[in-house]
Each structure stands twice: as C-alpha cells, then as structure tokens.
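Only one structure is covered here, and it is reproduced in the block below.
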Amino acid sequence: MGNNSDFETALHTLFARVFGESQPLNTIKRLSGGASQETWALSGGEHAVILRRAPGGASMARSSAAIGLSAEAKLIQAADRAGVPVPGVLHVLEEKDGLGDGFLMSRVLGETIARPILRDEAYSKARAQMSAQCGEALAAIHSIPIDSLPPEVQVSDGLAQIAQYEEIYRGFDAPRPVFELTLQWLKANAPAPLDTVLVHGDFRLGNLMVDETGLVAVLDWELAHLGDPREDIAWICVNSWRFGQSQNRVGGFGALEDLLNVYNQRSRLSITPNDVDWWEMLGTLKWGIMCMIMYEAFRSGADASVERAAIGRRVSETEIDLINLLEAAHA
Amino acid sequence: MHDQPSVAELVQAVKNFIDETAGPNLSGHAAFHARVASNALSTVLRDLEQRPTAEAAERARLLDLLNTPDDTPTEVLNRMLSEQIQAGQMTPETEGLLAHLKATTIAQVEIDQPRYSGLKTAKS
C-alpha cells in the first residue's frame, strides 16, 4: 500500500462494492495494530464492520504456527455452520481490492478484556453462564468436519508440541530446572490421544467476546490446528488465563465440571477434570516458553521495548504454576 | 566510592518521575509502557534487596543436592541440576528436589511478580 490516501480510497471502494453505493463508508478507526494483525472498525449507514488485515497488507504470519488470514476466514465460516458463536465473515479480500490479505466481518459488540469480565458487576450473570457456554462452543468447534478444512490447518498433537517447544527452549541455552522436570514428567505421563479434532488453539479470555449474557463470539482463529480436544479445554484453565482468580479453574470465572457437563453431553466423550491435568501442565509450559520467546525479541535487539524486556520476568509465574501442578500430581 | 544517592535511591527517584510526572502526561500505548516501566523498576528494587539472600540459600540447597565441590559456581550447579533431570537421574520423587525447586521459584516470583496468584497457592 503506497500511502494513507490510497488505503482510504481502497476502503471506500471496497465498502461500496460489498454494501452498495447508498450507504457509503464514513468512519474509519484503527482498533489495534500489533505486529501480527491490523484491526479496523469501518462504518457507514447501518453497516458496522471489522476489517482484519495483515500489517500493511503484507502477508506475514504471527508465527510459524499461524494459518494466515484467508484460511482464518474459511475456518470462521466453517465454525459458523457448526453453530459456534462467531462474527459473520462478510467478504474475503481479493487481489482486486488492493488491500492485501484479510477479511471483513460483522462487528460484534461486547468486552474482550479479562479484568472487567472477571470483576465488574455488569458481568456477574455472564460469569455464571460462561463455563457451560464455553463447553457448548468447544463441543461445536470440535464437531467441525476436519476433511473440509483449508490445507493451512496442520496436525499438532501433544507430543509434537512438547518436541517443538523443547527445541525452542534448548535453543535459548538458558536452563531452567523446573522446565526440565516438567518436560520429563510430561513425556513420562503422556495420555493416549483422543480422536483428532479441529482445535481452536487460543481459546481464552482476550479472544472471547463477552456481553452481559455471556459468550457471544469466539475470535482469533489464527492458531487453529488439528489435535486433541483436551488441549482447548485445558488452555483456558492455565493459571495465567485465570487472571488472578485462581479459585475458578475455567478462565477465572467458572468450574471445569460445569464446562465438561455440557461438553461431554454434546460431544459424547467422557472427559474428567483429571484428564485435563496433563494438558494444563503442557499449556503452562508452552506459555512459559512463549514468554521466553518474547523476551528473546528484546535480548536479540529485534524489539527494544520495556514490555518485551519485562516479560522475561514473567517466566517465573509459569514456573510456580508448574511447581503447584507437579506437587498436586505427586501428593 | 560514594553511595549518596544509592542505586536503590536512584531507581526509586526514576520510578517516582515515571509515576508522578511522565506517566500522567502520556496516553494510549505510551501510557501502558510507562506502567510496565514503573513495574520493571519495582522489580529492580526487590531484586537489589532480596537476591543476595535468596541466591545464597539456593546455592546451599544445590550443594546439598548435587554433592559437588564447594567452589562450583551457582550457574554451573544449575546446569548440572538441569542435566541430571533431563537424563532422568533426578525425578519428582528424588528426596529434596521438589522442595528445592519450590523454594527457589517462590524466591524468584517474590522478586518478579509478588502479587501473582500462583505464589499465594504455593505458599498456602
């Protein structure tokens, strides 16, 4: 994209092509601009939509695990058909749009930030519903026929993830005895895999749109892959994603039993809270190594920000969680 | 050499500047980074105060666990421990291992993120 006015002209043309000439685009607002994705709020007349686009239009995935925006749009459409609450995909960007990779989706109103969802009175009814709603949404995600998915969606099971993250961790040459013990424990205690399903890959507060009735949309599908259904159930139980409310195992808001009651009924599986333990330990280790990766961006000089430096001092949060989980496993 | 102000006093002064002067004049992403910077300086202050005692205790436990010459540097001890765990020579059942890792990690989180929920769980 050459410059801002080219970009805006392309947005006006796109809006008119998708929604017609009678209600032209009149508001363009950038909502977030991370290294991985741009999010824009566009509105005109009765149409209020979100554009998710690669930074500057260039297709550059967040990590090697990310599937890219056009595959993400296809997944959201498949999830929609399976009854998962998602924003409707309205248009996938094409070459002629001149905006790079991305898609337009409907704008779902609500809150994604964990702190108000977990603490504000306005969300007290939502919190009481959300474990069951998450169970329902995850069962629907895991029911999506996997033979219909775009080829970018790759298989990644528990043992493959251990190998992948162990390699990254060893590459830093910064030994952490707690991570060593966790790696050995996970390998020695790996459960038999369940039938492969589509795994969302980042199902947690931050990526869930919530209003006062509870869960209204599952967002951010770029880490989706094929794997074990317990991975998704456990990821939202990782203590970091309870945002301080440790006593509520699911996302800081609810009980795992409430999620599993609905999930098992819909999926005809019989997963118990204990079956989630191994995956919660793996998820905690993965988050710890992801924090090391983000700190490495500072250490290597790629990103000089204080945020990237400081996140290196959050790795120990996952170490204390792992100690708590290892102790519980050996009590 | 002089020590007025001390390192801790200088760090505290910079933190005061961020919290009381610079931070309130920032907005958006810059304001967020100012809060991260202020928290990082709090970590520096705790590290200055707590690390010497915590590292001495860690070192004493490592020497007990590993049965090595007393002059082995702590970094080498931690590497040895990691290698022995990786090789399966030490497991969660090994006498004293989990207790050592727990004590070391508690001391680390007390410096890094003393309000972290998992720390309370570990100490309960």
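The values are calculated or read from the model by the stated rules, or taken from the named source; none is laboratory data. Remember, it's a predicted structure, so these values are computed and weren't measured experimentally. Here the Cβ is made from the backbone with ideal geometry for all residues, glycine too, and neighbour counts use every protein chain on show.
Go through region B:100-112 residue by residue and tally those that are touching a residue at least 24 places away in the same chain (Cβ under 8 Å) and either more than 9 Å from chain A (Cβ to nearest Cβ) or under 26 Å from residue A:245 (Cβ atoms) (or both).
Keep residues of region B:100-112 that are touching a residue at least 24 places away in the same chain (Cβ under 8 Å), which gives B:100, B:103-104, B:107-108, B:110-112.
From the residues that got through so far, the ones that are either more than 9 Å from chain A (Cβ to nearest Cβ) or under 26 Å from residue A:245 (Cβ atoms) (or both) too are B:103, B:107-108, B:110-112.
The qualifying residues number 6.
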For the condition basic (Lys, Arg), touching a residue at least 24 places away in the same chain (Cβ under 8 Å) and over 20 Å from residue A:177 (Cα atoms), what is the one hit in A:299, A:266, A:308?
A:266
Quick test of your reading of the structure: residue A:46 fulfils all but one of (1) touching a residue at least 12 places away in the same chain (Cβ under 8 Å); (2) among the acidic types (Asp, Glu); (3) closer than 30 Å to residue A:290 by Cβ. Name the failing condition by number.
(3)
Quick check, is residue B:120 more than 7 Å from every other protein chain (Cβ to nearest Cβ) and within 16 Å of residue A:328 (Cα to Cα)?
yes
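Specify which of the listed residues (A:323, A:271, A:293) is surrounded by fewer than 21 Cβ atoms within 10 Å (Cβ to Cβ), in contact (Cβ under 8 Å) with a residue 12 or more places away in the chain and under 27 Å from residue B:43 (Cα atoms).
On the way: A:323 fails: surrounded by fewer than 21 Cβ atoms within 10 Å (Cβ to Cβ); A:271 fails: under 27 Å from residue B:43 (Cα atoms).
None of the other options fit; the residue is A:293.
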Within region B:62-96, of all residues that are farther than 20 Å from residue B:51 by Cβ and among the aliphatic types (A, V, I, L, M), the one nearest to the other protein chains (Cβ to nearest Cβ) is B:85
Of the conditions (1) over 30 Å from residue A:189 (Cα atoms); (2) within 11 Å of chain A (Cβ to nearest Cβ), the single one that residue B:31 does not satisfy is (2)
Selection from region A:255-272 of residues more than 17 Å from residue A:194 (Cβ to Cβ) and either at pLDDT below 95 or of a type outside the set (Val, Ile, Thr) (or both) yields A:255, A:257, A:258, A:261
Condition broken by residue B:74, with the remaining ones in (1) surrounded by 15 or more Cβ atoms within 10 Å (Cβ to Cβ); (2) under 15 Å from residue A:177 (Cβ atoms) satisfied:
(1)
Please state which of the following conditions residue A:247 fails to meet, knowing it meets all the rest: (1) in contact (Cβ under 8 Å) with a residue 24 or more places away in the chain; (2) out of contact with any Ser or Thr (no Cβ under 6 Å at 6 or more places or on another chain); (3) part of a loop (DSSP other than H, G, I, E, B).
(1)
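Would you point out the residue of region A:298-314, among those that are more than 8 Å from chain B (Cβ to nearest Cβ) and surrounded by 14 or more Cβ atoms within 10 Å (Cβ to Cβ), that is nearest to residue B:100 (Cα to Cα)? Before the answer, list the steps.
Pass one, region A:298-314, residues more than 8 Å from chain B (Cβ to nearest Cβ): A:298-304, A:308, A:311-312.
Filter once more, so that each one left must be surrounded by 14 or more Cβ atoms within 10 Å (Cβ to Cβ): A:298-299, A:303, A:308, A:311-312.
Numbers: A:298: 30, A:299: 28, A:303: 35, A:308: 29, A:311: 24, A:312: 22 Å.
My answer is A:312.
Got at least one residue in region B:47-57 being at positive phi and either part of a helix (DSSP H, G or I) or touching a Pro at 6+ places or on another chain (Cβ under 9 Å) (or both)?
Residues of region B:47-57 at positive phi: none.
No, every residue in region B:47-57 fails to be at positive phi and either part of a helix (DSSP H, G or I) or touching a Pro at 6+ places or on another chain (Cβ under 9 Å) (or both).
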Tally, over region A:250-285, of residues that are of a type in the set (Phe, Trp, Tyr) and not in a helix (DSSP H, G or I)
1
